[in-house]
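Below you'll find the structure, written out as structure tokens, and then a few comments.
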Ligand code: NDP
């Protein structure tokens, strides 16, 4: 069984060699009398929070850190190859937390979700129909309290979450601008995802001036994915009673101490509501979310761009690449085809 193992805890930016692909003998059966399952992993999801699990105690309030010398875990799509659990039979395709390895023994399969709709690409369950999709859906519709005609700004806008937030904002009748780190991504935002406008934040030496150019009237909703300098500049451009949904702050995950924010008083002047959220609080909305998404996908009203790295060996490179923006769209690792 090939596995991606964390060599040791990580300080600063993660590197490919913080992980190692190893082989370990594994019996492909469920232990007698247990209600575990054995899965063959098909698609693994690369998510920014996985970096936080590579340092002890960072994400403690939500998830335990990884253990050095053990395979890392994340969400993925997998096929049941042995089952001691009446809920799952051999051949079922499931989505949920699994190991970064070819085969995983899942001793606690309650968290696995059986995939019923297979007319869409299975990899979608790591992105648009999985955790990032639900994050965009709950974050935008619940946390942002959007209204038609409002001015919306999204950072890391071409990524797994951001590309959906922009499309939801357009469905709601908002004006939406996204920022991303390359010309290719900016073009995608405008031509594929229907953002009204977009810019490359790496080409703007003064982010405050850039935001003033794109939002002369100010921002009602900021969907925060990056933090740091972007957040600081956004604070200077929020409209009165604006909302900031703090989904994540990827620019801070490798910094200790984090970048300073200097414009916090703007929260008072603008009576701005800033609210952090975690997708884990919205899992009960998953079936409502699927009912909303599937017709939109089938009718082509919501589109999704994925970046699929082939083979488990490419996993460490793909995961680390999130922190330099190598991914164009949702980063997935293809471990095996069905
Ligand atoms: P993406 O697919 O957007 O990948 C990460 C992207 O972040 C990169 O492609 C890069 O794009 C951008 N980025 C990386 N480093 C920096 C930096 N220093 N400054 C600015 N941008 C940077 O990731 P996701 O869509 O999966 O995640 C987006 C955010 O949402 C993250 O902060 C993540 O932690 C958070 N999240 C939160 C959840 C929750 O429950 N609250 C659940 C899921 C995700 P570019 O080239 O544009 O710079």
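Please treat every number below as a calculation from the coordinates, not as lab data. Just so we're clear, the structure is a prediction, and the values are computed from it rather than from any experiment. Every residue, glycine among them, receives a Cβ derived from its backbone with ideal geometry; neighbour counts consider all protein chains shown.
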Residue 57-residue 8 pseudo-label distance in nm [points 7 Å out on the Cα-to-Cβ vector]: 1.9 nm
Mean projection area, nm², convex hull over Cα of the chain: 16.7 nm²
Estimated translational D of the stretch 131-173 in µm²/s (Stokes, Kirkwood radius over Cα pairs; 20 °C; 1.002 mPa s): 211 µm²/s
Label point distance in nm, residue 328-residue 148, each placed 7 Å from Cα along Cα→Cβ: 3.6 nm
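With r as the distance between the Cβ atoms of residue 313 and residue 266 and R0 = 56 Å, compute the FRET efficiency 1/(1 + (r/R0)^6) and round to 0.05. Intermediate results must be reported in sequence, preceding the final value.
Numbers: r = 47 Å, r/R0 = 0.83.
Step by step, r from the Cβ atoms, then E = 0.75.
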Full-stretch length increase - residue 89, residue 117 - with 0.36 nm per residue and alpha-carbon distance subtracted: 8.4 nm
The stretch 131-280: relative contact order as a whole-number percent, Cα under 8 Å and 6+ apart: 22 percent
As computed over the stretch 225-320, the Cα convex hull volume per residue (Å³): 178 Å³
Footprinting exposure proxy for 94, 283, 305, 176 (fewest neighbouring C-beta atoms within 10 Å first): 283, 305, 94, 176
Cα centroid separation - the stretch 172-239 against the stretch 304-323, whole Å: 25 Å
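Across every pair of different alpha-carbon atoms, what Kirkwood hydrodynamic radius in Å does the stretch 66-164 reach?
On the way: mean 1/r = 0.0638 Å⁻¹.
Taking every pair of different Cα atoms in the stretch 66-164, averaging 1/r and inverting gives 15.7 Å.
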Whole-Å semi-axes of the stretch 131-280's equivalent ellipsoid (Cα gyration tensor): 19, 17, 17
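Kindly identify the stretch 174-256 as rounded, prolate or oblate by the Cα gyration tensor criterion: order the square roots of the eigenvalues as a ≥ b ≥ c, call it rounded if a/c is under 1.5, otherwise compare a/b with b/c, prolate if a/b is larger, else oblate.
Numbers: a/c = 1.43, a/b = 1.06, b/c = 1.36.
Because its axes are fairly even, with a/c under 1.5, the stretch 174-256 counts as rounded.
Quick one: compute the contact order of the chain, relative version, from alpha carbon pairs under 8 angstrom and 6+ residues apart, as a percent. If you can, show how the numbers build up before the last one.
Numbers: 738 pairs, mean separation 61.3, N = 338.
Here the relative contact order equals 18 percent.
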Packing-based exposure ordering (other Cβ within 10 Å, fewest first) of 222, 103: 103, 222
Amide N of the stretch 1-20 lying under 17 Å from the label point, which is placed 7 angstrom from the Cα of residue 252 along Cα→Cβ: 12-13
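List 232, 119 from most exposed to least, where exposure is judged by having the fewest other Cβ atoms within 10 Å. Please list the in-between numbers first.
Numbers: 232 18, 119 7.
Lowest to highest Cβ neighbour count: 119, 232.
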Percent of Cα pairs exceeding the 15 Å cut-off, where the set is the stretch 10-67: 68 percent
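Suppose R0 equals 25 Å. What FRET efficiency, 1/(1 + (r/R0)^6) with r the Cβ-Cβ distance, do residue 1 and residue 110 give to the nearest 0.05?
Details: r = 23 Å, r/R0 = 0.93.
For residue 1 and residue 110, the calculated efficiency is 0.60.
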Gain on full stretching of the segment that runs from residue 337 to residue 281 - 0.36 nm per residue minus C-alpha separation: 17.0 nm
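Before anything else, pin down the relative contact order of the stretch 1-101: Cα pairs under 8 Å, at least 6 apart, normalised by residue count, whole percent.
Numbers: 201 pairs, mean separation 33.0, N = 101.
33 percent.
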